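Trainee: The following block contains the structure, expressed as structure tokens.
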Amino acid sequence: MEFTEKMKADVLAAAREYIASETDDVFSREVENAVGLEDWEGLYDRFYTSLSFGTAGMRGMIGGGTNRINTFMVRKVTQGLADYLNASASDPTVVIAYDSRLFSPEFALSAAKVLAANGVKVFLYDSLRPVPMLSFAVRHMKATAGIVVTASHNPSKYNGYKVYWSHGGQVTPPHDIEIAKRANAVKSGDIKDGDEMALRASGLLQSVPAEVDEAYYAMVMSSLRRPELIKESSIKVAYTPLHGSGNKPVRHMLSELGIECHVVKEQEEPDGSFPTVKLPNPESAEAMQRVIALGKEIKADIVLGTDPDADRLGIAIPTDSSKTDYLLLTGNQIATLLVDYLLTTAHEMKREGTPFVAKSLVTTDLVRKITEKNGGVCKDVLTGFKYIAEEIERIERGENPGSYFLFGCEESYGFLTVTSVHDKDAVSSAVAAVEMMCYYASRGITLQQRLDAIYASYGYSTEVVFSNEYDGAEGKEKMKSIMASMRSLKSGDTLVSRTIESVADLMGDNTGFPKADVIIIRFSSGEKLVVRPSGTEPKIKYYLFLTEGPDGRKALEEKVDAVKAEFMAAL
């Protein structure tokens, strides 16, 4: 890019304003160095836009500048949150948690000080905690809101900031819109701050009481359907927290149940640089390599992995009785097994009422088939677990009389089997998965055999997920262009050498969903394609769904790689 003198002057002005506002020398020095080197490309990327607080919170690369996440941007957004809280609630309180990412403790403390300086009472965890424990704490402590500093499963260069409301779920309208409006309008001179020790002495800043953790553990234990069966089972678990916040809570719960749990030593300690993995995501086969190797070594009955903020759960299962090979399950396979088990258990225990299941629209429709065949109700929602949380809240308000929440799931390894948490929860879901395995093992059935039996009964389904990344300003424009071209498609058109049967644009009216940048394309050949920009990363995601009857599994398995390659090449 060629920089005019005006462009240089504008970016220099933005850089100098940022340097004057940033309280952390690490980030201000980054920008000072870029100015000294006259790194116009780098400076432009840092300042051509500003990270904004959106419906998914704020997430970005760590570094100096308004297009990065840093102490200034955290303080800016938190001031907007404080303004909204003070305008909409009397005596507001906020609980703050953080994970193992770089600068997470610093960002959490910065947010706490801004809130407290604005007269908002803050409870800050003294050490890292998973997202689900924050969600639980907000509800348990009857707080007005919560904050988690995390970038979930993203690479180490990222961090983020998520806001939760009093119900324990991420903020939804009107709160998210109003917070965003205020946060994005805050100027550096508007931000209040205070001394940590003085704020603690005043009582405005306190540590989260230890009893909140105990209450969470007790809740998970009470949610189990067959705790005695687990305690009587002699099984081995291989587990990795992937350098994140799941290590202590997952191991604590398994220990309480008498489960022998072996942990990948190299990935046990919190480390935001994630030295053993490129991507700390249990969806990634590479990320799960070490724990699967540990599983083979100890002959584990089940292999578990959680991401840095412990809201995503990965599972691998042995494929033979000798436990020499393991299958890393997809998120859809885990969801399929769990919903089947939970419904089976509800029937066996004669639970009254109609079981309600909520799934994202990009999660396998096999979950719906299983739920409806077993007398339950399954509802599709937009991607984002806050929409599943909204469904739980509706049940709690009595809007679905006779129904009870059974299960929530997203194909991206997000699961929920309890109602006291209103976000995906890898900790309680890990325990539920162990319980499920113990149940089938007590009947001489492996999880692989149960999954095969489900396919034999309901038909075989498989899904392909891929994405294309578009970084920087040009990338944003490219993404807009691609989504516009998808919206121009209609019934009868051809895409990927297939005739389109229907196109559903969720930006339109009367779709059954809130308006969203999502397009659902169905082909006359039977495939379904969902296209949407990621809410947290500069990429467009494609979800391709393929199904066959009970007798068509082998044929579909043989052609799925070719179909995937065909779609990826075209899109």
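The values are calculated or read from the model by the stated rules, or taken from the named source; none is laboratory data. A quick note: this is a predicted structure, and the numbers were derived from the prediction, not measured. Quick reminder, even Gly has a Cβ in these numbers, built from the backbone with ideal geometry, and neighbours come from all protein chains shown. Calculation scope for accessible area: heavy atoms of the full protein, side chains included, ligands and nucleic acids excluded. Shrake-Rupley method; radii C 1.70, N 1.55, O 1.52, S 1.80 Å.
Trainee: Picking from G305, G295, which residue would you name as being small (G, A, S) and under 18 Å from the mean Cα position of the chain (by Cα)? Talk me through it step by step, then tell me what you get.
Mentor: Values: G295 fails: under 18 Å from the mean Cα position of the chain (by Cα).
From the options G305, G295, the qualifying one is G305.
Yes/no matrix, rows are residues, columns are (1) open to solvent by 60 Å² or more (accessible area, probe 1.4 Å); (2) not hydroxyl-bearing (S, T, Y):
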| site | (1), (2) |
| --- | --- |
| V148 | no, yes |
| S156 | no, no |
| N159 | no, yes |
| I177 | yes, yes |
| R182 | yes, yes |
| D213 | no, yes |
| S223 | no, no |
| R226 | no, yes |
| L229 | no, yes |
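Trainee: I'd like the full set of residues that are closer than 14 Å to R498 by Cα, open to solvent by less than 70 Å² (accessible area, probe 1.4 Å) and in contact with a strand residue (DSSP E or B) (Cβ under 6 Å, 6 or more places away or on another chain), limited to the stretch 554-570.
Mentor: Scanning the stretch 554-570 gives a single hit, F567.
Trainee: Among the listed residues R225, R251, identify the single one that is more than 19 Å from the chain's Cα centre (by Cα), in a loop (DSSP other than H, G, I, E, B) and basic (K, R).
Mentor: Working: R251 fails: in a loop (DSSP other than H, G, I, E, B).
When all the criteria are applied, what remains is R225.
Trainee: What single numbered condition from (1) modelled with pLDDT of 95 or more; (2) among the β-branched types (V, I, T); (3) in a loop (DSSP other than H, G, I, E, B) fails to hold for I395?
Mentor: So I395 meets the others, but not (3).
Trainee: Return the residues of the stretch 225-251 that are free of Cβ contacts under 8 Å to residues at least 60 places away in the same chain and closer than 14 Å to A310 by Cα; say none if nothing qualifies.
Mentor: Matches in the stretch 225-251: N247, K248, R251.
Trainee: Oh, and also: Listed residues V503, V496, V464; which is more than 29 Å from the chain's Cα centre (by Cα), among the aliphatic types (A, V, I, L, M) and surrounded by 15 or more Cβ atoms within 10 Å (Cβ to Cβ)? Walk me through it before giving the result.
Mentor: Numbers: V503 fails: more than 29 Å from the chain's Cα centre (by Cα); V464 fails: more than 29 Å from the chain's Cα centre (by Cα).
Just one listed residue meets the conditions, V496.
Trainee: Do we find that D24 is closer than 30 Å to L204 by Cα, touching a residue at least 60 places away in the same chain (Cβ under 8 Å) and surrounded by fewer than 20 Cβ atoms within 10 Å (Cβ to Cβ) in this structure?
Mentor: Working: closer than 30 Å to L204 by Cα: yes; touching a residue at least 60 places away in the same chain (Cβ under 8 Å): yes; surrounded by fewer than 20 Cβ atoms within 10 Å (Cβ to Cβ): yes.
Criteria met by D24.
Trainee: Being crowded, with 24+ Cβ neighbours inside 10 Å and of a type in the set (S, T, N, Q) is the requirement here; does S50 meet it? Steps first, answer last, please.
Mentor: Numbers: crowded, with 24+ Cβ neighbours inside 10 Å: no; of a type in the set (S, T, N, Q): yes.
Taking the combined requirement at face value, the residue does not satisfy it.
Trainee: Is there a residue being farther than 16 Å from G384 by Cα, open to solvent by 60 Å² or more (accessible area, probe 1.4 Å) and either in contact with a helix residue (DSSP H, G or I) (Cβ under 7 Å, 6 or more places away or on another chain) or modelled with pLDDT under 95 (or both) anywhere in the stretch 531-541?
Mentor: Scanning the stretch 531-541, I find no residue that is farther than 16 Å from G384 by Cα, open to solvent by 60 Å² or more (accessible area, probe 1.4 Å) and either in contact with a helix residue (DSSP H, G or I) (Cβ under 7 Å, 6 or more places away or on another chain) or modelled with pLDDT under 95 (or both), so the answer is no.
Trainee: Counting just the residues of the stretch 467-476 that are in contact (Cβ under 8 Å) with a residue 12 or more places away in the chain and not hydrophobic (A, V, I, L, M, F, W, C), which one comes out surrounded by the fewest Cβ atoms within 10 Å (Cβ to Cβ)? Walk me through how you get there before you give the answer.
Mentor: Step one: of the stretch 467-476, the residues in contact (Cβ under 8 Å) with a residue 12 or more places away in the chain are 467-473, 475-476.
Now narrow it down to the ones that are not hydrophobic (A, V, I, L, M, F, W, C): 467-472, 475-476.
Numbers: S467: 16, N468: 15, E469: 11, Y470: 19, D471: 13, G472: 15, G475: 15, K476: 14.
Looking at the filtered set, the residue picked out is E469.
Trainee: Only one of G508, G526 is over 19 Å from T364 (Cα atoms) and either open to solvent by less than 30 Å² (accessible area, probe 1.4 Å) or not polar (S, T, N, Q) (or both). Can you tell me which? Show your work before the answer.
Mentor: Values: G526 fails: over 19 Å from T364 (Cα atoms).
Of G508, G526, the one residue that is over 19 Å from T364 (Cα atoms) and either open to solvent by less than 30 Å² (accessible area, probe 1.4 Å) or not polar (S, T, N, Q) (or both) is G508.
Trainee: Turning to a different aspect of this structure: Return yes or no: is V357 without any contact (Cβ under 8 Å) to a residue 60 or more places away in the chain, within 30 Å of N400 (Cα to Cα) and either assigned to a helix (DSSP H, G or I) or open to solvent by less than 10 Å² (accessible area, probe 1.4 Å) (or both)?
Mentor: Working: without any contact (Cβ under 8 Å) to a residue 60 or more places away in the chain: yes; within 30 Å of N400 (Cα to Cα): yes; either assigned to a helix (DSSP H, G or I) or open to solvent by less than 10 Å² (accessible area, probe 1.4 Å) (or both): yes.
The answer is yes for V357.
Trainee: While we're here: So if I check each of S104, S52, S88, which one is among the polar types (S, T, N, Q) and closer than 30 Å to W40 by Cβ? So that I can check it myself, show each step before the final result.
Mentor: Values: S104 fails: closer than 30 Å to W40 by Cβ; S88 fails: closer than 30 Å to W40 by Cβ.
S52 is the lone residue from the list that is among the polar types (S, T, N, Q) and closer than 30 Å to W40 by Cβ.
Trainee: Kindly indicate which of V131, V95 is farther than 16 Å from V77 by Cβ and under 14 Å from the mean Cα position of the chain (by Cα). Show your work before the answer.
Mentor: Details: V95 fails: under 14 Å from the mean Cα position of the chain (by Cα).
Exactly one of V131, V95 is farther than 16 Å from V77 by Cβ and under 14 Å from the mean Cα position of the chain (by Cα), namely V131.
Trainee: With in contact with a helix residue (DSSP H, G or I) (Cβ under 7 Å, 6 or more places away or on another chain) and more than 17 Å from D99 (Cα to Cα) as the only criterion, which of T324, T330 stands out? Explain how you work it out, then say what you get.
Mentor: Working: T330 fails: in contact with a helix residue (DSSP H, G or I) (Cβ under 7 Å, 6 or more places away or on another chain).
Just one listed residue meets the conditions, T324.
Trainee: Among the residues of the stretch 106-127, which ones are out of contact with any Gly (no Cβ under 9 Å at 6 or more places or on another chain), surrounded by fewer than 20 Cβ atoms within 10 Å (Cβ to Cβ) and not acidic (D, E)?
Mentor: Across the stretch 106-127, the qualifying residues are L109, G119, S127.
Trainee: Restricting the first residue to the stretch 303-320 and requiring it to be at pLDDT below 95, which pairs with a second residue that is surrounded by fewer than 24 Cβ atoms within 10 Å (Cβ to Cβ) meet a Cβ separation below 7 Å and a spacing of at least six or different chains?
Mentor: T319/D325; T319/Y326; T319/L327; T319/Q448
Trainee: Can you tell which of I445, I454 is surrounded by fewer than 17 Cβ atoms within 10 Å (Cβ to Cβ), outside any strand (DSSP E or B) and not basic (K, R)?
Mentor: Working: I454 fails: surrounded by fewer than 17 Cβ atoms within 10 Å (Cβ to Cβ).
The conditions single out I445.
Trainee: Considering the stretch 398-413 alone, what residues qualify as being at positive phi and open to solvent by 20 Å² or more (accessible area, probe 1.4 Å)? Steps first, answer last, please.
Mentor: So in the stretch 398-413, the residues at positive phi come out as 398, 402, 413.
If the condition is that a residue be at positive phi and open to solvent by 20 Å² or more (accessible area, probe 1.4 Å), then G398, G402 are the ones that fit.
Trainee: Also: If a residue has to be within 30 Å of D45 (Cβ to Cβ) and exposed (fewer than 14 other Cβ atoms within 10 Å of the Cβ) to count, how many in the stretch 477-493 make the cut? Spell out the reasoning first.
Mentor: So in the stretch 477-493, the residues within 30 Å of D45 (Cβ to Cβ) come out as 477-487.
With the extra rule that they be exposed (fewer than 14 other Cβ atoms within 10 Å of the Cβ), the set shrinks to 477, 480-481, 484-485.
Qualifying residue count for the region: 5.
Trainee: OK, next. Just one of (1) assigned to a helix (DSSP H, G or I); (2) modelled with pLDDT under 95 trips up A82, so point out which.
Mentor: Against the list (1) assigned to a helix (DSSP H, G or I); (2) modelled with pLDDT under 95, A82 comes up short only on (2).
Trainee: So the check is Cβ under 9 Å with 6+ separation or different chains; which pairs have a first residue in the stretch 363-379 that's within 18 Å of G331 (Cβ to Cβ) and without any contact (Cβ under 8 Å) to a residue 60 or more places away in the chain and a second one that's part of a strand (DSSP E or B) and of a type in the set (D, E)?
Mentor: Pairs that qualify, where the first residue is within 18 Å of G331 (Cβ to Cβ) and without any contact (Cβ under 8 Å) to a residue 60 or more places away in the chain and the partner is part of a strand (DSSP E or B) and of a type in the set (D, E), are T363/D380; T363/E410; T363/E463; R368/D380.
Trainee: A follow-up question, please. Looking at the stretch 71-99 only, could you name the residues that are under 21 Å from P130 (Cα atoms) and surrounded by 24 or more Cβ atoms within 10 Å (Cβ to Cβ)? Write out each step before concluding.
Mentor: The initial filter retains those residues of the stretch 71-99 that are under 21 Å from P130 (Cα atoms), namely 74, 78, 93-99.
Those that are under 21 Å from P130 (Cα atoms) and surrounded by 24 or more Cβ atoms within 10 Å (Cβ to Cβ): V74, T78, V94, V95, I96, A97, Y98, D99.
Trainee: With touching a residue at least 12 places away in the same chain (Cβ under 8 Å), within 12 Å of G57 (Cβ to Cβ) and surrounded by 19 or more Cβ atoms within 10 Å (Cβ to Cβ) as the only criterion, which of V171, V138 stands out? Break it down into steps so the answer makes sense when it comes.
Mentor: Values: V138 fails: within 12 Å of G57 (Cβ to Cβ).
After applying the criteria, what remains is V171.
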